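The values are calculated or read from the model by the stated rules, or taken from the named source; none is laboratory data. Since the structure is predicted, the reported quantities are computational estimates derived from the model, not experimental observations. A quick note on method: Cβ atoms are made from the backbone with ideal geometry, for glycine too, and the neighbour counts reach across all protein chains shown.
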Amino acid sequence: MILRLLSVLVLLASTLILTVPSFVSAQEKKDPSLKAGEFPPSGSGTYIAGELVFIDPVNRRGGIRLDGNPPGDRYQSGPLHYFAMLPFGMIWYNGAPAELRDIPLGTHIHGYFLLPPLGEEKTIPPIPNMEKYHVKHNHALSLEDDFSFYQSRGQKWKVVSVDQIKGKINLTPEGKSAKDGINKPYTFDIDQVSKIWQSRKLVDLKDISEGTMVNFNLAWAQGWRDNEFSISEIWLDEESRAFATELQRKKHVRYQKQRWLPAWVDHVENFDYGGGIVTLTLFGGMDKSLYDELKATQEKGFGVAASDKTLRTWFHRADKKIGQVLDWKETANPPAGSSGIQVRLKFAELLDGYRPGRIVRVKCHDWIFVTMPPEERFKSMDEFKQSAIMGLP
Amino acid sequence: MQSHPITRRKSLKFAMFINVLAGFLTTGVNAQEDMAPFFKSYCLRCHDANKQKGEFRLDNLSTDFSDISIAQRWSEILFRINSGEMPPKKEPQPKTEELGKAVDWLSTKIKQGEATRIAKRGPVSHYRLSRDEYGYSIYDLLGVYYDVNLPGALNEDPRWHGFNRIGSMLSLSPSHVDRYFKAAETVLERGFPFKEPASTKGRNQPNAGNRWLLFPGVHRGNFRAGAPGLYRIRVQVSALPSFKGRLPHLSLWHQGLKKSIIGQDVIAAEDKPAIVEIEAFLPEGGFDLTNEAPGMLSDGHTLSLTDVPFVSTKEMQTVRPQSYKLFDEQGRSIFPLLIVDWVEWEGPISLDADRKKREGMIPAKEGDLAEAQKCITLFASKAWRRPPKDQEIKRLMKVISDEMAAGEKFRSAYMAAMVAVLTSKNFYYIEEGSPLQKLAKVNDWELASRLSYFLWGSIPDDLLLDAARAGNLRQPEVLKTQVVRMLSDQKVKRFTEAFPQQWLQLHKVGMFPPDSELYPDYDKWLEKSLIMESVAFFNEVFDKNLSLREFIHSDWTMMNSRLALHYQMPPLKSPEMQRIALKPEDHRGGLLTQAGILMLTSDGSRHRPVHRGVWVSETIFGKTPPPPPPNVEPLEPTPLNKPKATVRMQLQAHTTHSLCASCHQRIDPLGFAFDNFDAIGRWRTEENMKSGQGANPPVNASGTLIDGRTFNDSLEFKQLLLQDLDRFALAFVEQLSTFALRRAMTVDDMDQIKSIALSSKKDDYKLKAVIENLLYSELFQKR
């Protein structure tokens, strides 16, 4: 009985500590809950890193095994950190914009997370009996693989040494120093399974020379709880990096042309004789060519389909309405999540989804119509409602 | 594009005036009257072979005053001299005695030619019934409603300056004859059916607990009118305005014709539905209820909400995001909505009054030829508005006997004779005069028809025919009794509807549909309402017997809920057409600032001040300006790199040529006065221009009339028009006479027209006084 009581007290004490982890509480004050239609203030977001273990690509949600062993022996005993992408949340893979489905499971990623927007607190439900591990910052503003994360921050990595027998590679940062992530010399596991890219080819471990500037992606290693990582992929030269980036960029462009660019509605002027004027802000994080194409063809009008916080649509090719562009405005230094592009469109008819704060997807006139696979489309109100809350595995 | 106004009747006069003067100097006056020096000194400098200001040439104008067209031209010259317009002030001016001599000479010559001109008229005049008159005549004769406007029914009548009942315009073609035959057979089958069509009743409603939601474009409540006729429709409906106050428009939609037959604005709270009753003559076919408010939501792709059972608007607030947006961010209805509980219909309804009209027109006894002759005589006398001659009755009886000889049964044979009556020229032509003698006045029967077709658009009733039969209709006291009776009859509404539409040329409203990009608010119900306003305004002046000056300016107008929205006036308490008091800041009053009048001269994208000026000149002053010279360049839109310019600014640049300017300075100010009103008659202070650079230019509605009087806006312009009330009254009497007598007024009618106007002035130009003075005048009985 006494033992039992003690164990309860220990559990209670650990819960008190774990439910408010220090790295989260510091940020909560900084990151107020967002309202629909609001981009977060500049510099907001809590840094969380880990390995991407689970994804729901259709609804843009996933689960991360957090780096190391967070309090409560989370590595051994706790759940994944489940998250939802914010509608304007941005993803990069191999140095180019991406979708969750583009990042292989098992890839180590860096993210900046916010509290759920107001009214969406239940999107990521606490896991039953695991409430103590629940991290409130579960809406991702950005996710990046190591390749993209360090490259975008100007932090390069130089090979110090490679021990083929022990399967270790020692790297040291060069150039700018990333605020988060690893910014000091570090030794990673590497073996024959690691993909080593040179030019457009895979090469062997022996081809890695000391002093080479490399990019890499990380994965789980045996010593994960002690912040050990293995190299899953490594790029040895500029050509190999550019090739990987370009491949991903093309994939991303094709994906967005099929599904259209996400935006949200800033303002609607309803006309009681039909139609109205809708002002949209396009979300950021897309390849620049997509915005350029949209801008260049604006005289032909844009198709606009109703979407949702998951960026899913119904049957967008038929459900869209085509608006005549009245105004295209660009602002410098837009907030995180925004492209800085605001468009005013005049419609002969308005859809119910054209409401301030609601998400839409915007089609360039010249993009061909594609029907999305059934699982991506909302086909009923039940499906639509179900998508509001993450279905945990 | 701004184009020049179309040539009109009075422009003919002015154009003729120039031509007349020309010929006159070489042939007539030159040789005989020694008036050539006057015209040479004061007219020919601008109106000869070398120069024809205002498209008017005088040096070769004939002096054959027995020719009505020549006399008309000289009459126009006389008018211009008398009014001081000619010679223009900047030109050398004749002495008073010179002027007097010229005026006397012209007046005498015109008068001298009158007898010859009248003698030249044919002994018999024929005036074919207009399409509407045919329909009214059939209804008053037989109590049968025949929709003359249905496709394939009767041909549309040509118009002359808006009037569609001018005898010389209404010719007869084989197509007319063919349609008269079809119409006669149809009408008689309905009036005298072998078996009376049963009146049907029905009710349609949604499933229990549901209501039908009719947002714009949705059709529900299908029912069928099995036979054409009078129907009574009842609808229990809630009607919610849009968040801007626009009301839903409940319409009966004919599925086959694909158009609304009748409709009205409705307002009723969602929890307090109203019962709307509509009684109307309906053509045969399927009908739906529809909400004819603008905002048609039906591209065929977007999810339709009509299949979703509707209970209340509250439950409709959460719908699929890809369906049409019906409620705004505050939960208010974006569009006017109708919510229908049920629709009931009943018809065709046979009225006792209509059945009574047919009494005695068909023999009761099979094979009784004596009764048949009595009946066909009665029928023909009513249809032909006079007693048929024996010869005519014999011919009709021969039709019956021939048909029976050919094997037809008695009833069918008799019906053939009835068809013969309705397809006779005696029915579809109003005939005046006699081939045997030249008559200067109409006889009693002809006068009865003139009265009834003027005031009722239809055949005389029994009382009027009785008066004609008694031979004393032309006696002033008898005529007055009949006129007073007729003016108080319900059928006079046909006059108060038809005359203003024709006089004001309201058929042109919507002739060029406004650009939906520029005027997205414009809809068919507004278009109807614009016409209804002017018609209702005329009707109100008639009912209240107000002065003609109300047509120029008034502190009231007639308005329905749709017009209130268009005029940005406060919403009305009830949707129907009603009299509304106006304040100066409303910028309205009289006919000239009614949106229908202002838009009938627009080209669909912008207002046309020159056309507005021509309309004012014709309608208010009774003068049609000369036509534009050929090959005039249209106004081009302002280039994108040039500052924005109003239509007025563009016109002023366009009319710098002296020949153009001479006409435009007369016409344009009459249109510029209304520059504060856009192409669909909405008030504005700046002109919204699509092309050009910079801000929209402010409106300039000021101007100077040809006589030097100035104005700053439409209100001041109307005050100047009121100073010319006598002139307007004269023009009005001329228009009214044209309508009544079914012909253009000529110089030979002018003295009588002036006399009517003068008599009416004593009564402050009250409308009924003007009408009565016309009816009692010599002119009205003149052949």
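Picking from residues in segment B:317-368 that are within 14 Å of another protein chain (Cβ to nearest Cβ), without any contact (Cβ under 8 Å) to a residue 24 or more places away in the chain and surrounded by fewer than 23 Cβ atoms within 10 Å (Cβ to Cβ), the one that is farthest from A:Ser307 (Cα to Cα) is B:Gly331.
Do we have B:Thr601 as polar (S, T, N, Q), assigned to a loop (DSSP other than H, G, I, E, B), modelled with pLDDT under 95 and crowded, with 22+ Cβ neighbours inside 10 Å here? Criteria met by B:Thr601.
When A:Phe315, A:Phe369 are screened for being under 15 Å from A:Arg259 (Cα atoms), within 27 Å of the chain's Cα centre (by Cα), surrounded by fewer than 17 Cβ atoms within 10 Å (Cβ to Cβ) and within 11 Å of chain B (Cβ to nearest Cβ), only A:Phe315 passes. Figure legend. Inter-residue proximity from segment B:142-164: first residues assigned by TED's automatic domain parsing to the domain that holds B:Pro228, second residues surrounded by fewer than 20 Cβ atoms within 10 Å (Cβ to Cβ), beta-carbon distance below 7 Å, spacing 6+ or different chains. No pairs are indicated.
Conditions (1) aliphatic (A, V, I, L, M); (2) assigned by TED's automatic domain parsing to the domain that holds A:Thr310; (3) touching a residue at least 24 places away in the same chain (Cβ under 8 Å), marked per residue:
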site	(1), (2), (3)
A:Ala98	yes, no, yes
A:Leu105	yes, no, yes
A:Phe113	no, no, yes
A:Asn129	no, no, no
A:Ala140	yes, no, yes
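Condition test on A:Val325, is it touching a helix residue (DSSP H, G or I) at 6+ places or on another chain (Cβ under 6 Å), away from every other protein chain (no Cβ under 12 Å) and more than 22 Å from A:Ala84 (Cα to Cα)? Spelling it out, A:Val325 is indeed touching a helix residue (DSSP H, G or I) at 6+ places or on another chain (Cβ under 6 Å), away from every other protein chain (no Cβ under 12 Å) and more than 22 Å from A:Ala84 (Cα to Cα). Has segment A:279-296 got at least one residue that is surrounded by 20 or more Cβ atoms within 10 Å (Cβ to Cβ) and within 13 Å of chain B (Cβ to nearest Cβ)? Scanning segment A:279-296, I find no residue that is surrounded by 20 or more Cβ atoms within 10 Å (Cβ to Cβ) and within 13 Å of chain B (Cβ to nearest Cβ), so the answer is no.
Of everything listed in (1) within 13 Å of chain B (Cβ to nearest Cβ); (2) out of contact with any Leu (no Cβ under 8 Å at 6 or more places or on another chain); (3) modelled with pLDDT under 95, the single unmet condition for A:Pro334 is (1). Note on segment A:51-80: residues that are under 28 Å from A:Ser339 (Cβ atoms) and part of a strand (DSSP E or B) total 6. I need the full set of residues from segment A:335-350 which are of a type outside the set (Lys, Arg) and either surrounded by 18 or more Cβ atoms within 10 Å (Cβ to Cβ) or free of Cβ contacts under 8 Å to residues at least 40 places away in the same chain (or both), in order please. If the condition is that a residue be of a type outside the set (Lys, Arg) and either surrounded by 18 or more Cβ atoms within 10 Å (Cβ to Cβ) or free of Cβ contacts under 8 Å to residues at least 40 places away in the same chain (or both), then A:Ala336, A:Gly337, A:Ser338, A:Ser339, A:Ile341, A:Gln342, A:Val343, A:Leu345, A:Phe347, A:Ala348, A:Glu349, A:Leu350 are the ones that fit. With respect to the conditions (1) in a loop (DSSP other than H, G, I, E, B); (2) more than 28 Å from the chain's Cα centre (by Cα), B:Arg165 lacks only one, and its number is (2). Scanning segment A:338-354 for residues that are within 14 Å of chain B (Cβ to nearest Cβ) and not aliphatic (A, V, I, L, M) yields a count of 6. When A:Gly357, A:Gly274, A:Gly303 are screened for being of a type outside the set (D, E, K, R), surrounded by fewer than 19 Cβ atoms within 10 Å (Cβ to Cβ), within 13 Å of another protein chain (Cβ to nearest Cβ) and touching a residue at least 24 places away in the same chain (Cβ under 8 Å), only A:Gly357 passes. Candidates are the residues of segment A:73-113 that are farther than 19 Å from A:Phe147 by Cβ and surrounded by fewer than 20 Cβ atoms within 10 Å (Cβ to Cβ); the one that is nearest to the chain's Cα centre (by Cα) is A:Pro79.
Screening B:Leu439 on (1) more than 23 Å from B:Gly122 (Cα to Cα); (2) at pLDDT below 95; (3) of a type in the set (A, V, I, L, M) shows it passes everything except condition (1). Scanning segment B:211-237 for residues that are over 15 Å from B:Phe287 (Cβ atoms), crowded, with 23+ Cβ neighbours inside 10 Å and at pLDDT 95 or above yields a total of 1.
Before we move on, is B:Pro88 more than 28 Å from B:Leu730 (Cβ to Cβ), modelled with pLDDT of 80 or more and out of contact with any strand residue (DSSP E or B) (no Cβ under 7 Å at 6 or more places or on another chain)?
So B:Pro88 fails the test.
Going through (1) in a helix (DSSP H, G or I); (2) loosely packed, with under 13 Cβ neighbours inside 10 Å; (3) touching a residue at least 40 places away in the same chain (Cβ under 8 Å) one by one, B:Lys201 falls short only on (1).
Of everything in segment A:259-271 that is touching a Gly at 6+ places or on another chain (Cβ under 9 Å), on the phi < 0 side of the Ramachandran plot and among the hydrophobic types (A, V, I, L, M, F, W, C), the residue that is farthest from the other protein chains (Cβ to nearest Cβ) is A:Trp264. When segment B:639-695 is filtered for residues that are in contact with a strand residue (DSSP E or B) (Cβ under 6 Å, 6 or more places away or on another chain), at pLDDT 85 or above and surrounded by fewer than 17 Cβ atoms within 10 Å (Cβ to Cβ), only B:Glu686 remains. Of everything in segment B:243-294 that is more than 17 Å from B:Glu576 (Cβ to Cβ), touching a residue at least 60 places away in the same chain (Cβ under 8 Å) and assigned to a loop (DSSP other than H, G, I, E, B), the residue that is farthest from the other protein chains (Cβ to nearest Cβ) is B:Pro283. Yes or no: B:Phe732 out of contact with any Asp or Glu (no Cβ under 9 Å at 6 or more places or on another chain), under 19 Å from B:Leu592 (Cα atoms), assigned by TED's automatic domain parsing to the domain that holds B:Ser516 and not charged (D, E, K, R)? So B:Phe732 fails the test.
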